[in-house]
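Here is the structure we will look at, set down as structure tokens.
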Amino acid sequence: MASPAPAPLKDAVGGLDRDGFVALLSKLIGESARLQNDPPIHRPQEDLVAEHVVDALRPVSTETGGGPLVVRKVSYAEGRSNVIVEYPGTVPGHVVSFVGMHMDVVPANPSEWDFDPFSLTFDSEDKDKLRGRGTTDCLGHVALVAQLMRRLGEVKPPLKHSVIAVFIANEENSSVTGIGVDGLVKDGLLDKLKTGPLFWIDTADKQPCIGTGGMIPWHLKATGKLFHSGLAHKAINSMEMNMEALKEIQKRFYTDFPPHEKEKLYKFATPSTMKPTKWSYPGGGLNQIPGECTISGDIRLTPFYSTSDVVEKLKGYVEDINERLETVLDTRGPVSKYVLPDENLRGRIEISFDGDVMNGVACNLESRGFKALCKATEEIVGHVEPYSITGSLPLIRELQDEGFDVQTAGYGLLKTYHAKNEYCLFSDMAQGFQVFVSIISQLEEAA
């Protein structure tokens, strides 16, 4: 007599268990004060989270013999682990992976919050709301995917695909490299993920995020001549010169990098932008015309342009401005000037860039991963509305360039990302769990 057919994966796995999810998330948020990533003030200890994840999965792992999960910690720096978890499938080369659930958080100042950011609390009027630093970004996703892997280990469904989860260190800061997903890729530990779709779980609002922006931090320094404000004809006003230089640079930037035709297809809310966000100068009295000042800002670049091309263009703009100060830049008033011929003195503009330049991503809209994510989202959430933003996600463009089919999604709330009083909704996380199960089911049916 033939054995009965296995139950559909959705029925076998069921939904997200609230008690188990909240219990694990409570442990993770309880560590968040020591997960803040802002060196040198805050150096996270992702091992604290990694141990909780490993402890949650140990009962259904090969380590104890209680289940099939293969759990591995990988560290490139003391106290800063990554965790790779695999539910083995039966067919070599059939893989689906969930990556990007990072175990560090951005800093939080408790004095600015309405509740303790470093412990999981509940809204007295809304039990669906789970509050604390990391609930949306990204400890909520760590707990969510850990619960998915634990449930697979408990149910042991027969799958052709291996399901692999990668919990990573060091996503929130790029001043230190080689200890998170970049180290795992360099060592070839994620190579097997290239044969199937990779879902980067670190966005928000339950919809596929199909495009992100590149980011170029820049600093524009103007050097003129400091002098008494009552003798303006003897000064080179660095503030005026820098404002005019930035105006000219922005004009050229928007000419060379206009809205791209693909931005409509990817539903970007904005085209590429260059804008100032910070102003600094050495200080002085109100009666002193400053001899130097710096305007800083960033460029957010849609992924259809190259960040390296933009950097070279900006260097060229500045070089041209310096050569032709008298004719390129407008002055401000009858004695405003940027060259003092009698003193053989010229003002000067310099541009520099921080090392953490990031490239944007345009996901492959024809891949089976994207199609599975869209179908699952429509099925579970009730509608599918892919979107793109010129906010930047580190690391995923590098994965795409290495040959991974990267798709991005997330189940926190965009309005609370990196914000005070961060929270997520359990109901959103529960839908994320069902989306993941649907994706695996679809891939199984097509195999």
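The values are calculated or read from the model by the stated rules, or taken from the named source; none is laboratory data. This is a predicted model, so every value here is computed, not measured. Heads up, the Cβs are rebuilt from the backbone with ideal geometry, glycines too, and the neighbour counts pull from every protein chain shown. Calculation scope for accessible area: heavy atoms of the full protein, side chains included, ligands and nucleic acids excluded. Shrake-Rupley method; radii C 1.70, N 1.55, O 1.52, S 1.80 Å.
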Note on the range 179-203: residues in a loop (DSSP other than H, G, I, E, B) and closer than 15 Å to Thr408 by Cα are Gly196, Asp202, Thr203
Scanning the range 257-270 for residues that are of a type outside the set (A, V, I, L, M, F, W, C) and either assigned to a loop (DSSP other than H, G, I, E, B) or open to solvent by less than 60 Å² (accessible area, probe 1.4 Å) (or both) gives Pro258, Pro259, His260, Glu261, Glu263, Tyr266, Lys267, Thr270
Given the conditions (1) closer than 30 Å to Ser306 by Cβ; (2) open to solvent by 10 Å² or more (accessible area, probe 1.4 Å); (3) at pLDDT 95 or above; (4) of a type outside the set (Phe, Trp, Tyr), every one holds for Asp182 apart from (3)
- Has the range 273-285 got at least one residue that is touching a helix residue (DSSP H, G or I) at 6+ places or on another chain (Cβ under 7 Å) and assigned to a helix (DSSP H, G or I)? no
Across (1) open to solvent by 50 Å² or more (accessible area, probe 1.4 Å); (2) under 30 Å from Met358 (Cα atoms), His233 clears everything bar (2)
The residue that is farthest from the chain's Cα centre (by Cα), considering only those in the range 396-422 that are surrounded by 23 or more Cβ atoms within 10 Å (Cβ to Cβ) and more than 15 Å from Leu198 (Cβ to Cβ), is Glu422
The residue that is nearest to the chain's Cα centre (by Cα), considering only those in the range 236-252 that are crowded, with 20+ Cβ neighbours inside 10 Å and either over 15 Å from Ile351 (Cα atoms) or among the aromatic types (Phe, Trp, Tyr) (or both), is Glu240
Selection from the range 423-447 of residues open to solvent by less than 10 Å² (accessible area, probe 1.4 Å) and not in a helix (DSSP H, G or I) yields Cys424
The correct count of residues that are closer than 26 Å to Lys194 by Cβ and open to solvent by 30 Å² or more (accessible area, probe 1.4 Å) in the range 367-383 is 3
Scanning the range 91-117 residue by residue, those surrounded by fewer than 20 Cβ atoms within 10 Å (Cβ to Cβ), in contact with a helix residue (DSSP H, G or I) (Cβ under 6 Å, 6 or more places away or on another chain) and under 15 Å from Tyr423 (Cα atoms) turn out to be none
So, first residue more than 19 Å from Leu414 (Cβ to Cβ) and of a type in the set (A, V, I, L, M) in the range 121-136, second residue modelled with pLDDT under 90 and part of a strand (DSSP E or B), Cβ within less than 7 Å, six or more apart or across chains; the pairs are none
Would you mind stating whether Pro8 is at pLDDT below 95 and open to solvent by less than 40 Å² (accessible area, probe 1.4 Å)? no
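Every residue, every condition in (1) within 22 Å of Arg43 (Cβ to Cβ); (2) in contact with a Phe, Trp or Tyr (Cβ under 8 Å, 6 or more places away or on another chain); (3) of a type in the set (A, V, I, L, M, F, W, C), yes or no:
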{"site": "Val95", "(1), (2), (3)": "no, no, yes"}
{"site": "Phe98", "(1), (2), (3)": "no, yes, yes"}
{"site": "Val105", "(1), (2), (3)": "yes, no, yes"}
{"site": "Ala108", "(1), (2), (3)": "yes, yes, yes"}
{"site": "Ser111", "(1), (2), (3)": "yes, no, no"}
{"site": "Phe115", "(1), (2), (3)": "no, no, yes"}
{"site": "Asp126", "(1), (2), (3)": "no, no, no"}
{"site": "Gly134", "(1), (2), (3)": "yes, no, no"}
{"site": "Ala146", "(1), (2), (3)": "no, yes, yes"}
Q) Just wondering, is there one or more residues in the range 324-341 that are in contact with a Leu (Cβ under 6 Å, 6 or more places away or on another chain) and either open to solvent by less than 20 Å² (accessible area, probe 1.4 Å) or part of a helix (DSSP H, G or I) (or both)? A) yes
Against the definition (more than 29 Å from the chain's Cα centre (by Cα) and free of Cβ contacts under 8 Å to residues at least 40 places away in the same chain), how does Leu226 come out, yes or no? no
For Val406, state whether it is in a strand (DSSP E or B) and in contact with a helix residue (DSSP H, G or I) (Cβ under 8 Å, 6 or more places away or on another chain).
yes
Selection over the range 342-362 where residues are within 29 Å of Phe268 (Cα to Cα), open to solvent by 20 Å² or more (accessible area, probe 1.4 Å) and part of a strand (DSSP E or B) yields a count of 5
- For the range 244-254, state whether one or more residues are among the hydroxyl-bearing types (Ser, Thr, Tyr), under 21 Å from Glu312 (Cα atoms) and free of Cβ contacts under 8 Å to residues at least 12 places away in the same chain. no
So, first residue over 23 Å from Phe353 (Cα atoms) and polar (S, T, N, Q) in the range 285-298, second residue open to solvent by 70 Å² or more (accessible area, probe 1.4 Å) and modelled with pLDDT of 95 or more, Cβ within less than 8 Å, six or more apart or across chains; the pairs are Asn287/His228; Gln288/Leu226; Gln288/His228
Flagged pairs (Cβ under 6 angstrom, 6 or more apart or on separate chains; first in the range 365-378, not in a helix (DSSP H, G or I); second not aliphatic (A, V, I, L, M)) are Ser367/Asp405
